[in-house]
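Take a look at the structure below.
The values are calculated or read from the model by the stated rules, or taken from the named source; none is laboratory data. In this text the structure is predicted, and so the values were computed from the model without any measurement. Note that each Cβ is placed from the backbone with ideal geometry, even for glycine, and that neighbours are counted across all protein chains shown. To get the accessible areas, we keep the full protein, side chains included, count just its heavy atoms, and leave off ligands, DNA and RNA. Shrake-Rupley method; radii C 1.70, N 1.55, O 1.52, S 1.80 Å.
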Amino acid sequence: MRLVAMALLLVLAVFAWAAPQETKAEKDARMKWWKEARFGLFLHWGLYAVPSGEWNGHTNYAEWILEEAHIPVSTYEHFEQQFDPVKFDADKWVTMAKNAGMKYICITTKHHEGFNMFDSKYSNYKITNTPFKRDVMKELAAACKKHGLKMCWYHSIMDWHHPDYLPRRGWEDRPAAGADMDRYVEYLRNEVSQLLTDYGPIGVMWFDGEWESTWNHKYGQALYDLCRKLQPNVIVNNRVDVGRRGMAGMSTSEGTAGDFGTPEQEIPAQGIPGSYWETCMTMNDHWGYNKNDHDYKSSKDLIQKLVDIASKGGNFLLNIGPTPEGEFPPLAQERLKDLGAWTKVNGDAIYATNASPFPSLSWGRCTQKAKGNHTMLYLDVFDWPTNGKLVVPGIGNKPVRASLLAGHKSLSVSRQDTDLVIDVPAAAPDENCSVVALEVEGKPVVYQSPAIEAATTMVVQSIPVTLDSKAEGVEVRYTLDGSDPTASSTLYTGPLQIDRAETLKARSFADGRAVSQVVSQEFTTTTPQAATEVADPKPGVSFKMYAGDWDALPDFSSLTPQESGTMSGVDISKWPSKEHFGIVATGYVNAPTDAVYQFQLSSDDGSKLVLDGKTLIDHDGTHSLTAKAASIALAKGFHSIEVQYFNKTGGLGLELAWCKAGGKLAQVGTGELFHRED
């Protein structure tokens, strides 16, 4: 009994331990190696490699084959004794990654299928029980240490094999009776503890599969804390916790755990300033191995994606799905060689760089790094100038020198008004991306048109408007009478208050001369949508639930509801996982004052917001959890509201948030939503 009590106290102590609060400087120091690395290799490898993407005549599967092909777990388990990657060579894998210019490797220690690719102490469903018998993670960790790469683990929260993981799918053969999610979480934590104890220093714990309703913030925060307790310097991605919004990969909820965001298969158009982020992407069309998938991105595309991501301040985690024999597919090896040839010459433009100071460049991208009191600008040229003149637009710094990274050939630089012009050879040194290193004095001063920032252009009450020149040493002048600003126009010194219909024009100036184009914004007065009288309103909204399998919102009025009732808010995040159903929620939202309001509708899958009988947000179709927003002027009082939603398969989610224009979005809930009992 004493031993049991002591064990229980130890478990409680681990759950109660919280990672110490970090200052920004402390977190930056912990993230330093990762930020400077910029480029890593992702590996999806598991039992799903055995069928190689094929099942019952279909050839488009990979790591999700168990779920997508509805394979019973009892059948899927047979792959365990077929897994024998006799050609696996950890040293060869790590060497290929290193030669490609990658600085870290992240591999699936366990994917959603539940099979452990390491010698787990807590499960018999593991690689050391296959004919192969070896612990590939131990071998990879040793090879990474030998070659100077960081070893990182991917570990799935979702588990389609473990008897205690919930929820179940409708087609599964695993009984749900007796399943205990808390018991599964203890198993998950035990495995994570082993991965962070038995394999040496780990760079990143990369979690995934957190979107189902059974996982919550309490579990996520505790798992994050456990990782940081066991290895204080480990970096943990945001998928350890809830709050990630679809493939865009960033957490939108404050207070959620995680050190960096995880955009998937996409590159943020403007980057994500002020945040750590990493785009993960496949080389072809699948994460795991599919022997029929030869649709590989070209080397040029991959090189330019690496450059694009670095120019926006992010990391690139590029995926390969190894074969069941334990090799990288030949086309993947070719792409790694080409990436290595490019990074060997041009790596200075990637590693330890910061995001571009330019909003856009017609010919390519730019990265930068400080060099004492100077700045090195790496001009990554995708489209080589045919006239031998590379124009660096709108830059106020004095040039020091310029050269090609390929061969280090010096290049002459001259100024033409607000631009710098570099004389370059007629032919591009590299057909994929050529890099010119431009050294300038001081921090970059890039001339841009001012950004006019306002929560809305519809004026009901006075609204604040800011003007941002985006550069030090540059001033903004503006007019409100429709004329173009000159050097004698009003100097912007702080937020403007717009309370009537006006046309705002602004322009950037330096040393008394215009250095940007004129930008303008028209503000219009708006009559708020009239409110509705509602007799004896009751809290919450009414809802009707329907059963069906749709790819788009159906005509719910023609269907018979399976269930009806009321709910306090338009939010189903805490509902049990459910597929093939729809909801129509109706009622009234109570606007506290005459104002412009912003509504945001988040859903997985399709949804629609109808306000006062008109569609305000159309978010229809099958998609992951994403959000759409729109604004409307409302008079104080009640306004009819209808939210339609359907979920096909996978995760489910529906949430309605709002705020006054310029305010902070918050869920529409108790005290704001009402219905009538007819």
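In table form, for the structure just shown:
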{"read-out": "Candidates ILE267, ILE320, ILE303, ILE309, filtered to the one that is among the aliphatic types (A, V, I, L, M), in contact with a strand residue (DSSP E or B) (Cβ under 9 Å, 6 or more places away or on another chain) and over 30 Å from GLU113 (Cα atoms)", "value": "ILE309"}
{"read-out": "Some residue of the stretch 186-194 being more than 25 Å from TRP34 (Cβ to Cβ), among the acidic types (Asp, Glu) and modelled with pLDDT of 95 or more", "value": "yes"}
{"read-out": "Failed item, numbered, when THR527 is tested on (1) open to solvent by 40 Å² or more (accessible area, probe 1.4 Å); (2) in a strand (DSSP E or B); (3) within 21 Å of GLY613 (Cα to Cα)", "value": "(2)"}
{"read-out": "Contacts under 8 angstrom Cβ, first residue in the stretch 615-627 being within 21 Å of GLY243 (Cβ to Cβ) and in contact (Cβ under 8 Å) with a residue 60 or more places away in the chain, partner open to solvent by 40 Å² or more (accessible area, probe 1.4 Å) and among the polar types (S, T, N, Q), 6 or more apart", "value": "ALA627/THR252; ALA627/GLN600"}
{"read-out": "Candidates HIS70, HIS112, HIS78, filtered to the one that is crowded, with 21+ Cβ neighbours inside 10 Å and either in a strand (DSSP E or B) or not hydrophobic (A, V, I, L, M, F, W, C) (or both)", "value": "HIS112"}
{"read-out": "Complete set of residues in the stretch 191-219 that are among the small types (Gly, Ala, Ser) and not in a loop (DSSP other than H, G, I, E, B)", "value": "SER193"}
{"read-out": "Residue that is in a strand (DSSP E or B) and either among the hydrophobic types (A, V, I, L, M, F, W, C) or more than 33 Å from the chain's Cα centre (by Cα) (or both), where the choices are THR560, THR566", "value": "THR566"}
{"read-out": "Test result for ALA142, assigned to a helix (DSSP H, G or I), open to solvent by less than 30 Å² (accessible area, probe 1.4 Å) and of a type in the set (Gly, Ala, Ser)", "value": "no"}
{"read-out": "Among the residues listed as TRP33, TRP55, TRP64, the single one being open to solvent by 20 Å² or more (accessible area, probe 1.4 Å), more than 28 Å from ARG189 (Cα to Cα), at pLDDT 95 or above and hydrophobic (A, V, I, L, M, F, W, C)", "value": "TRP55"}
{"read-out": "Qualifying positions in the stretch 470-499 - open to solvent by less than 40 Å² (accessible area, probe 1.4 Å) and of a type in the set (Val, Ile, Thr)", "value": "VAL474, VAL476, THR479, ILE498"}
{"read-out": "Among (1) out of contact with any helix residue (DSSP H, G or I) (no Cβ under 6 Å at 6 or more places or on another chain); (2) part of a helix (DSSP H, G or I); (3) open to solvent by 10 Å² or more (accessible area, probe 1.4 Å) - the single one TRP93 does not satisfy", "value": "(3)"}
{"read-out": "Residue that is most open to solvent (accessible area, probe 1.4 Å) [pool: residues in the stretch 199-220 that are under 17 Å from the mean Cα position of the chain (by Cα) and on the phi < 0 side of the Ramachandran plot]", "value": "TRP211"}
{"read-out": "Failed condition for ALA661, given (1) more than 24 Å from the chain's Cα centre (by Cα); (2) crowded, with 22+ Cβ neighbours inside 10 Å; (3) among the aliphatic types (A, V, I, L, M); (4) farther than 23 Å from PRO539 by Cα", "value": "(2)"}
{"read-out": "Pick from the stretch 328-347, criterion touching a strand residue (DSSP E or B) at 6+ places or on another chain (Cβ under 7 Å) and assigned to a helix (DSSP H, G or I), ranking: surrounded by the fewest Cβ atoms within 10 Å (Cβ to Cβ)", "value": "ALA332"}
{"read-out": "Residue in the stretch 511-519 that is open to solvent by 40 Å² or more (accessible area, probe 1.4 Å), without any contact (Cβ under 8 Å) to a residue 12 or more places away in the chain and either in a loop (DSSP other than H, G, I, E, B) or hydroxyl-bearing (Ser, Thr, Tyr) (or both) present", "value": "yes"}
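Residue by residue, here is whether (1) over 18 Å from PRO167 (Cβ atoms); (2) at pLDDT 95 or above holds:
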{"site": "LEU196", "(1), (2)": "yes, yes"}
{"site": "VAL204", "(1), (2)": "yes, yes"}
{"site": "SER213", "(1), (2)": "no, no"}
{"site": "LYS218", "(1), (2)": "no, yes"}
{"site": "TYR224", "(1), (2)": "yes, yes"}
{"site": "LEU230", "(1), (2)": "yes, yes"}
{"site": "VAL236", "(1), (2)": "yes, yes"}
{"site": "VAL240", "(1), (2)": "yes, yes"}
{"site": "GLY246", "(1), (2)": "yes, no"}
